[in-house]
Amino acid sequence: MKKYFWVGICGILAAFAPLASADSASGTTTVSVTVGPEASLTVDTATTSLTTTGTVFNDYTGTTNLTYKIRTSTGSGTGSITAQVQADFAANGPSVASGDLTYTCTVSSPGSACSQQTASTSAATPVATFGADAHSADTGNSASTTWTLKNRPQIKTGTYSVTVTYTISAT
């Protein structure tokens, strides 16, 4: 009886053996990407208030902070940040066209900061430049423009403002 029992168990196991050994297959893929130059810019200071301190008719100053991300091409890649005033101050106020508004720049590596610039409504003016193979930090790098507005006696009292557009590019 024991013999028949073991023969029966072996027969049952043999019947389920094909189910226990599953077939498998595999395949592969190549994941590929072409990474090109890219740039992004955030203006961190939504409104830059210009103030004056000290003696009478000192110039007004204020700073606009920026955060940029950039990747330029190896070899001959370049990049830039520029600023352009969209329209002049209202009549009887300061005058961008007359050169009343200037700025200096700071920019963290890998950028190079501009020298003192006169703001313009007719053309974008430099804030920063980048060379080939420039890479910012993943979280972005800092830059700023420190504005100086001439405090001329001819300007009528009042509140004046202009809109400045910053642009970043990378090749």
### Query
Only one of the listed values, [x] 21.6; [y] 20.5; [z] 16.2, was derived from the coordinates as Kirkwood radius over Cα pairs in Å; which label is it?
[y]
### Message
Can you give me the solvent accessible area of residue 31 with a 1.4 Å probe, rounded to the nearest 10 Å²?
### Response
140 Å²
## Note on the structure
Longest principal axis of the chain (C-alpha) makes with the long axis of helix 2-20 (C-alpha) an angle, in degrees to the nearest 10, of 30 degrees
### Task
Determine the per residue accessible area of the chain with all protein chains present and a 1.4 angstrom probe, expressed in square angstrom.
64 Å²
### Task
Pick out, from 154, 52, 27, the residue whose Cα sits farthest towards the positive end of the charge dipole of the chain, with +1 on the Cβ of Lys and Arg and -1 on the Cβ of Asp and Glu.
27
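With the cut-off at 1.5 for a/c, could you classify region 49-125 from its C-alpha gyration tensor as rounded, prolate or oblate?
prolate
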### Summary
Per the charge dipole of region 27-137 (beta-carbon charges, Lys/Arg positive, Asp/Glu negative, Cα centre), the residue among 74, 104, 87 reaching farthest to the positive end is 74
### Length gained when the stretch residue 165-residue 123 is fully extended (0.36 nm per residue, less Cα-Cα span)
14.0 nm
#### Entry: Net charge, residue 169 excluded, C-beta distance under 14 Å - Lys, Arg +1, Asp, Glu -1
+1
### Task
Please give the calculated 222 nm ellipticity per residue for the chain, where each DSSP H segment of at least 4 residues contributes -39500 (n - 2.57) and the sum is spread over every residue; nearest 500 deg cm²/dmol?
-4000 deg cm²/dmol
### Message
Please state the shape class of region 17-90: rounded when a/c is under 1.5, otherwise prolate if a/b exceeds b/c and oblate if not, all from the C-alpha gyration tensor.
### Response
prolate
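What number comes out for the charge environment of residue 88, summing +1 per Lys or Arg and -1 per Asp or Glu over other residues with Cβ under 15 Å away?
Taking every Cβ under 15 Å from that of residue 88, the sum is +2.
Magnitude of the Cβ-charge dipole of the chain, K/R +1 and D/E -1, about the Cα centre, nearest 20 debye?
460 debye
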### Task
Could you check how much of the accessible area of region 17-142 is carbon and sulfur, as a whole percent, using a 1.4 Å probe?
49 percent
### Query
What nm distance separates the two modelled labels at residue 30 and residue 44, each placed 7 Å from Cα along Cα→Cβ?
4.3 nm
### Query
Under 14 Å from the 7 Å Cα→Cβ point of residue 78, by amide nitrogen: which residues of region 93-129?
112, 126-129
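The values are calculated or read from the model by the stated rules, or taken from the named source; none is laboratory data. Only a predicted model underlies this, so the values are computations on that prediction, with no experimental measurement involved. So basically every Cβ, Gly included, is an ideal-geometry build from the backbone, and we count neighbours across all protein chains shown. Each accessible area value is taken on the protein alone, full model and side chains, heavy atoms only, with ligands, DNA and RNA left out. Shrake-Rupley method; radii C 1.70, N 1.55, O 1.52, S 1.80 Å.
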